[in-house]
Amino acid sequence: MGDAAHTAHFSIGSGTKLALEDAIDLANEFATGLPIDDVLQHYEARRSIEVLKIQNAARNSTEWFENVERYAGMEVEQFSYSLLTRSQRISHENLRLRDAAWLEGYEAWLAGGKAAVPPMLTPFTLRDCTLKNRIVVSPMATYSAVDGVPQDFHLVHLGARALGGAALVMVEMTSPTPEGRITPACTGLWNDAQQAAFARIVSFVHGSSTAKIGLQLGHSGPKGSTRVGWEGTDEPLAADDPHGNWPLLAASPIAYGEQNQTPAAMTRADMDRMTAAFVASAQRAVACGFDWLELHCAHGYLLASFISPLTNQRTDDYGGSLDNRCRYPLEVFAALRAVWPQGKPLSVRISAHDWAPGGTTADDAVAMARLFKAAGADLIDVSSGQTTRAAKPVYGRMYQTPFADRIRNEVGIAAMAVGAITEADQANSIVAAGRADLCAIARPHLADPAWTQHAAAQLSPMAAAHIDWPAQYWSGRDQMLREISKQKQVLAQVNQAQAAIKTEAIE
């Protein structure tokens, strides 16, 4: 009966598990004595959640086997790790429970033959930039700028996260023009005051931490002139807003939503002016001393509006095929590459899937990545969705990582995974399996600026030793490690006591 109710691909060996668990759960429900309609409703509601998890894992496993050539170029050590963790149900720490000696040997191999190091704490180099570990503070809009000028809030916000152990701190999407901001409270980089404020932040990060700092450049396009996030995400400014709504530009005159204004389709002259504005901002970023530059071509903003067929209905050379739709974003990228220092990385954020009928797919994302790689991109920052309000993404832990996996291992370019990565165990698994080179973590860093330091401390004292703490915080670090050690000892004692009770009951 269980097999008839729920099935999953045989590659994870779950058929019997599902059948037995379904049968046990249904029998337990009948034992409650409730009416049969209630029994069936409770059974289905509870089992469907667990079954969906198993089936999702089975899909991941199926895709791995059906595309094993994607991983054939890996060294046998990483290929084996990728195979073992293919479903994403078996994680890094789960492997440690199964075979600690094997995992420690793999960690040492991944670290270059040295002592075992958690994968997320290994260094990573692109061009002349070496990141001390694989954790990135994702660019997150904070809606705290004044006339595009970063404030003291940005200094404290970004500075705290640079002190918190992450290797790379990314500034929120910053516009090259006033009209390119998402909201009136978003950052910009088109004048001297903005440049001076950013230079101050960069100077602090470089002078007080070992982190690198990057700038994400982007134009809001059809999603501009909106309210700050906590007043209504992507909703247009109120009619009586003192800032007033400003005109919008996009690939085609398609409004993001019913309440959003309709943008004007960009002309060739608009494109030339916008490219020049991007270049001018990049030159200012060079002057500020940023270590990394990223071009935002995702989430339905200006450049993304060219890429998606849902937002690009042009009939000229910038519409139609994917190559044509990527033409203008690639022009902007090439212009940035020409002025950005050759020793510093230049990455691109893309929406790998529109999650809507007729939109871009994972296959398109691979093609996009190939185009940007050919243009000189060093890394693809792989996000998805937000190009249309009709999108229906399938959320879940690490839900966008499979897109990064495909791009990294099919295109042969460095990739950054982002989206619902919340635990060190997840980051370790992603890096160790070669699904991505970097993990961008957003909300956990909002809740805890020192997420990387704290995550490493929870792993082990050895892991904590691989994380930089400012000297001013060493006493706090040492106390945290002592408390974690005590908690683990207590937990071990509790587990031993429970095991003894179970053994005595069996005997």
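The values are calculated or read from the model by the stated rules, or taken from the named source; none is laboratory data. The structure presented is a predicted model; accordingly, all values stated were derived computationally and were not measured. Methodologically, a virtual Cβ is constructed for each residue, glycine included, from the backbone with ideal geometry; neighbour enumeration extends over all protein chains shown.
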Could you list, in sequence order, the residues of the stretch 52-103 that are surrounded by 14 or more Cβ atoms within 10 Å (Cβ to Cβ) and among the acidic types (Asp, Glu)? 63, 93
Answer yes or no: is there a residue in the stretch 351-363 that is more than 23 Å from residue 89 (Cβ to Cβ), β-branched (Val, Ile, Thr) and out of contact with any Cys (no Cβ under 8 Å at 6 or more places or on another chain). yes
Filtered residues of the stretch 289-348 (kept if acidic (Asp, Glu), farther than 18 Å from residue 189 by Cα and part of a loop (DSSP other than H, G, I, E, B)): 316, 317
Search the stretch 210-229 for residues being touching a strand residue (DSSP E or B) at 6+ places or on another chain (Cβ under 8 Å) and of a type in the set (D, E, K, R), and hand back the single one that is surrounded by the fewest Cβ atoms within 10 Å (Cβ to Cβ). 227
The number of residues in the stretch 360-384 that are out of contact with any strand residue (DSSP E or B) (no Cβ under 6 Å at 6 or more places or on another chain) and either crowded, with 20+ Cβ neighbours inside 10 Å or part of a helix (DSSP H, G or I) (or both) is 12
Would you tally the residues in the stretch 419-459 being over 26 Å from residue 143 (Cβ atoms) and either part of a helix (DSSP H, G or I) or not assigned by TED's automatic domain parsing to the domain that holds residue 153 (or both)? 16
Selection from the stretch 301-316 of residues that are touching a Phe, Trp or Tyr at 6+ places or on another chain (Cβ under 8 Å) and among the polar types (S, T, N, Q): 312
In the set 482, 408, 397, 477, the lone residue that is among the charged types (D, E, K, R) and within 23 Å of residue 378 (Cβ to Cβ) is 408
Kindly provide the set of residues from the stretch 312-333 that are of a type in the set (D, E, K, R), surrounded by 15 or more Cβ atoms within 10 Å (Cβ to Cβ) and more than 24 Å from residue 279 (Cα to Cα), ordered by number. 314
Long-range neighbours under 7 Å by Cβ, at least six apart or interchain, first residue among the charged types (D, E, K, R) within the stretch 152-165, second crowded, with 24+ Cβ neighbours inside 10 Å and not in a helix (DSSP H, G or I): 161/137; 161/169
Considering each of 93, 50 in turn, give the residue that is charged (D, E, K, R), in a helix (DSSP H, G or I), in the same structural domain as residue 11 (by TED's automatic domain parsing) and in contact with a helix residue (DSSP H, G or I) (Cβ under 8 Å, 6 or more places away or on another chain). 50
